Amino acid sequence: MEAVIQSFLAGFPVLMLHSSVTLAILVVGVFVYVKITPYDEIALIKAGNTAAAVSLSGAIIGFAVPLAFAMASSITVYEILIWGPVTLLLQLVAYRITDAVLSDLPKRIVEGEIGPAIFLVSIKIAVSAINAAAVTG
């Protein structure tokens, strides 16, 4: 039992540091995402726009998955600080590419169309899965 307690006492501060840094990167990523989209997701969601909620939820999940894998495969917090922003950047690029392919995507999300929002979420999650695999490789 003593070994378990010692292991916990040694590992808990590392867990808290890694989790805190990863969550901070996630918050920054979501903040940047909200700022680069041409519409205010938060206001749209408050107004009951389901498409905006689906799209923002996909972004949050898309950011969180590779960040979680980066954290899980990192030994030091510096690795999280390197790989975390890289995965976020790739997610933001995926959004921009999708926006270019579907040039009217922002307008359609503002209008509450679910189809384009679901398509955008599928791209976000697919790219996040690939990013997650890349950072653990």
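Each reported figure results from applying straightforward, stated rules to the coordinates on display, with no laboratory input. From a predicted model like this one, the values you see are computed outputs, not experimental measurements. Counting neighbours? That spans all protein chains shown, and the Cβs are built from the backbone with ideal geometry, glycine included.
Taken as Cα centroids, region 1-51 and region 105-137 sit 19 Å apart, rounded to the nearest whole angstrom.
Is there a quick way to get the dipole size of the chain? I mean about its Cα centre, with the Cβ of Lys and Arg at +1 and of Asp and Glu at -1; what is the value in debye to the nearest 20? Could you put the intermediate results ahead of the total?
Values: 6 positive and 8 negative charges, 30 e Å.
Value, rounded to 20: 140 debye.
Rounded to the nearest 10 degrees, the angle from helix 114-136 to the longest Cα principal axis of the chain is 30 degrees.
Note on the chain: percent of Cα-Cα distances in each 5 Å bin, starting at 0 and stopping at the bin with the largest distance, equals 2, 11, 19, 19, 15, 11, 9, 6, 3, 2, 1, 1, 0.
Per DSSP H run of at least 4 residues, take -39500 (n - 2.57); add these up for the chain, divide by its residues and hand me the 222 nm value, nearest 500 deg cm²/dmol.
Numbers: 6 runs with 119 residues, N = 137.
Only helices count here, giving -30000 deg cm²/dmol.
Note on region 2-136: dipole from Cβ charges, positive end direction compared against ILE36, LEU90, ALA59; the farthest Cα belongs to ILE36. Across the chain, the mean sequence separation of Cα contacts (distance under 8 Å, 6 or more residues apart), normalised by length, yields a relative contact order of 34 percent.
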